[in-house]
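Report on the following structure.
Laboratory data are not the source of any read-out in this text; all were calculated from the coordinates shown. Small disclaimer: the values here were computed from a predicted structure and weren't measured. When we count neighbours, we look across all protein chains shown, and the Cβ atoms used for this are built from the backbone with ideal geometry, even at glycine.
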Amino acid sequence: MSRARLALSIGILLLLAACLLPCLPLFQVAGMSLPYQDPTPELLRQHAANVAAAERRLAVCVAVAGALALLGLVALAYAWRRRRPPATSA
């Protein structure tokens with residue numbers, strides 16, 4: 001396997017991971033942000049703390065996903081620059 005093909009495979013996998021990484025924390029934030037009906041003050045404080053923690057986890061996952069996407073784009077650019085020219089038939 002050539003370096004360009006390996007870089008292409010790694011770049012695609014990194015971009016795929018960058019797209020999928022924030023999905024679970026995003027769904028957790030969406031599920032946690034729904035308020036309880038008729039909550040007590042203690043329940044409101046606990047709910048606010050849980051939502052804040054979930055939002056922090058989401059922010060970390062988005063930052064990591066951005067770094068993975070950047071690395072994936074660099075790998076794809078490397079593969080694009082190092083690709084073999086197409087074979088010409090005479």
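Only four residue types carry charge here, +1 at the Cβ of Lys and Arg and -1 at the Cβ of Asp and Glu. Report the dipole size of the chain about the Cα centre in Debye, rounded to the nearest 20.
Values: 9 positive and 3 negative charges, 186 e Å.
Value, rounded to 20: 900 debye.
What number, rounded to the nearest 500 deg cm²/dmol, is the helix-based mean residue ellipticity at 222 nm of the chain, given -39500 (n - 2.57) per DSSP H run of at least four residues and division by all its residues? Working shown, then result.
On the way: 3 runs with 69 residues, N = 90.
Value at 222 nm, helices only, nearest 500: -27000 deg cm²/dmol.
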**Study point:** Qualifying trypsin sites (Lys or Arg not before Pro) in segment 19-90, DSSP loop, other Cβ atoms within 10 Å at most 14
**Key:** R82, R83
Study note, to complete from the structure: Dipole check, the chain, charges on Cβ (K,R +1; D,E -1), about Cα centroid: among A7, N50, Q28 the Cα furthest to the positive pole belongs to A7
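So how much slack lies between A30 and R83, counting 0.36 nm per residue of separation and subtracting their Cα-Cα distance, in nm? Intermediate values should be presented prior to the final figure.
Details: separation 53, 0.36 × 53 = 19.08 nm, distance 4.26 nm.
Gain in length upon complete extension: 14.8 nm.
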